[in-house]
Amino acid sequence: MFRHTPLRYAALVLLASAALFQAFTAQYFGLEILTEILILAMLVLALDMVAGFGGMVSLCHGALMGVGAYGYAVLSTTAGLTPPVAMGAAVAITAGLSWIIGAICSRSHGIYFIMATLAFGQMAYSYVFEAPIFGGDDGLGGIERLDLSVVGIDLNDTRTFALFCLVALAAMYGLAVVILRSGLGRSFSGVMHNEQRMRALGLTVWRVKADVFGLSGMIAGVAGVLAAQHIMYISPGLMAWTVSGEALVVVILGGLGTLVGPLVGAAVFVVLKHELSSLTTHWHLIVGVILIGVVMSRANGIFGFIEDFVAARSKSANTNPKAREGTKDA
Amino acid sequence: MLETRNLDKSFGAVHVTRRVSLKLERGERRVILGPNGAGKTTLFNQLVGELTPDSGRVHLAGEDVTALPVAKRARQGLSRSYQKNTLFDGLTVEENLGLAAAIYTGNATRIWSDSLGKAEVREIVRDVANQVDLMPFLHAKVSEISYGVRRQLEVGVALATRPLVLLMDEPTSGVGPEMAKGFHDLLNNLPRDLTLLIIEHDMDLAFDVADTITVLNYGEVVFDGLPDAARGSDLLKEIYLGSWEDA
């Protein structure tokens, strides 16, 4: 069950402030990095919903983001739909597909679930790679951004688009919180804790898993639509399993099952990637070492480590009378 | 209310239940006795649908539920507690009860509202917490309460689905004599229209709570009758003294 703690609120305020500061002060390259972080943050938020709160470790979320991106691209270019309609349709298609994948895979657990989702992701990747309608390995270009000029907003401006992505991420975060704190979210969490008992109490477990997986896919679909609009070009590489793997790395790096942690993880990962790749082409090695360090430290990612540290400090302050007296004296 | 007809179940060459037929009336409290390996838990698993019988039927409130999955049987009023606690450890007592109550009230799959905030869910949680003496622990996490209180919660979670029939697999398993006595009172105070089927090794509890007693041995019903008759049964004594082969 997801709970907001003061530390999580503080982290959210800090992250939002940093993003706003960057959005209003950075130049073109900095804004591009910010947008990349925000889109990745949305994808890992979707993944954390199912992996962190339901134990559904998915290796198809990258492909789901790709479905959103390709859906938007094809519907807005080839099919000629207006961007708002194409966006809505692409997100709905991704959510529907995700629900079906969730319903099918919900009967498997652990490594089998991971492999089943990987298979779905690879099927989508292979199909897009070969299908002429999706541009094959050349990908699709000429993708337009949403036109908000009627309300005086120009999303073709890099700064405005970064702010738009920030607002979208905030909305998706709010949606994720509402879902996880709802009856459905509580049941989902109950299933992760004890699936057999939830079934024995009368819950249709597969349906709950499929519903949350579908909603998570919907958020991944929104990330995909934004990714397509960001680069204005998409290729099958967006759907490769490595994208899903990278998203999982980011969730673990940030803190599985915290919602806030993966946002931190996304920021750290993208900044590290850009900083390290300017120093060496083997930047993955360094990120790998950092990930191993995080996993071996037995902390729940960077944010989990901070939460544990703050909890330990507060416990020690509460149980040490001398420290309390010292605080009073001070 | 609950009826089984010739339930048979084998695992390979081992025949675990043999033609088990039981009939429980509404509000009846029946205790199933039998030594370890007698097939009691396997029988429970078949009743709730966690195991499929090789042959035989299960009827709940007059309806054949043999082909129904676990969740559907539960929604029709068949609930169970387990011999080993199967609780939601990271959650509070209130949340544990709330999960079950939300399923019963149809709030477990709502997206836009918190099930624990619903008046009907809160009412069931409070009711059940009163029934099984959990009010003082409502806001404690499962990891923070004692083993005995967890056993109470185990029963409470099953009760929060407002069942017609409650199956309890050794509710006093692992608790001390004093707490076991508390369990007698707890079970005796449950609503009289609730049908109870209890697996129990504690003879005192069995004779204190039961309207009827069924004895299983090697998967077979060897006794079915009133507690007084069971108390005087040489067969029962022999089974518990381990000399069944000679009987």
With a 1.4 Å probe and all protein chains kept in place, how do B:Trp112, A:Trp241, A:Trp99 rank by accessible area, largest first?
B:Trp112, A:Trp241, A:Trp99
Kindly write out, for segment A:162-168 in residue order, the coupling ³J(HN,Hα) from the Karplus curve 6.51 cos²θ - 1.76 cosθ + 1.60 (θ = phi - 60°), rounded to whole Hz, with x marking Gly and Pro.
4, 5, 4, 5, 5, 4, 4
Karplus-derived HN-Hα couplings along segment A:288-305 (A = 6.51, B = -1.76, C = 1.60, θ = phi - 60°), whole Hz, x at Gly and Pro
x, 4, 4, 4, 4, x, 5, 5, 5, 6, 6, 8, 7, x, 4, 6, x, 4
Just to check I understand the Karplus step: with θ = phi - 60° and J = 6.51 cos²θ - 1.76 cosθ + 1.60, what whole-Hz values come out for segment A:83-98, glycine and proline as x?
x, x, 5, 4, 4, x, 5, 4, 5, 5, 4, 4, 4, x, 5, 5
Pull up all non-local amide H partners of B:Leu33: gap of 5 or more, or a different chain, and H-to-H distance under 5 Å with H placed in the peptide plane.
B:Thr214, B:Val215, B:Leu216
Among all stretches of chain A without exposed trypsin sites (Lys or Arg not before Pro) (DSSP loop, at most 11 other Cβ atoms within 10 Å), which one is longest?
A:4-297
Net charge near A:Gly54 (other residues with Cβ under 12 Å of its Cβ; Lys, Arg +1; Asp, Glu -1) is -1
Taking K and R as +1 and D and E as -1, what net charge do the other residues with C-beta under 9 Å from the C-beta of A:Asn300 add up to?
-1
Rounded to the nearest 100 Å², what's the accessible area chains B and A bury against each other, both chains counted, probe 1.4 Å?
2400 Å²
List the pairs from B:Lys23/B:Lys237; B:Lys72/B:Lys118; B:Lys72/B:Lys237; A:Lys209/B:Lys84 whose alpha-carbon separation is above 28 Å, in the order I gave them.
B:Lys72/B:Lys237
Of every hundred units of 1.4 Å-probe accessible area on the protein assembly as shown, the number belonging to carbon and sulfur atoms, as a percent, is 60 percent
The summed charge of the B:Asp133 Cβ neighbourhood (under 12 Å; Lys/Arg +1, Asp/Glu -1) stands at 0
How do B:Val65, A:Val295 stack up against each other in accessible area, from largest to smallest, with a 1.4 angstrom probe?
A:Val295, B:Val65
Could you pull the Cα extents of segment A:6-239 along its three principal axes, largest to smallest, in whole Å?
54, 49, 29
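On average, how much accessible surface per residue is there in segment A:6-239, in Å², for a 1.4 Å probe, leaving out ligands, DNA and RNA?
For segment A:6-239, the solvent-accessible area averages 38 Å² per residue.
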Give me the mean projected area, in nm² to one decimal, of the convex hull enclosing the Cα positions of segment B:9-137.
10.3 nm²
Based only on Cα atoms, what Rg/Rh ratio does the protein assembly as shown have, Rh being taken as Kirkwood's radius?
1.07
In the protein assembly as shown, what percentage of the DSSP-assigned beta bridges are antiparallel, given to the nearest 5?
55 percent
Counting heavy atoms of the protein chains only and a 1.4 Å probe, report the per residue accessible area for segment B:85-162 as a whole number of Å².
39 Å²
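The values are calculated or read from the model by the stated rules, or taken from the named source; none is laboratory data. Computed from a predicted model, the values in this text were never measured in an experiment. Please note: Cβ atoms are built from the backbone with ideal geometry, for glycine as well, and neighbour counts cover all protein chains shown. Side chains are part of the model used for accessible areas, which takes the heavy atoms of the whole protein and leaves out ligands, DNA and RNA. Shrake-Rupley method; radii C 1.70, N 1.55, O 1.52, S 1.80 Å.
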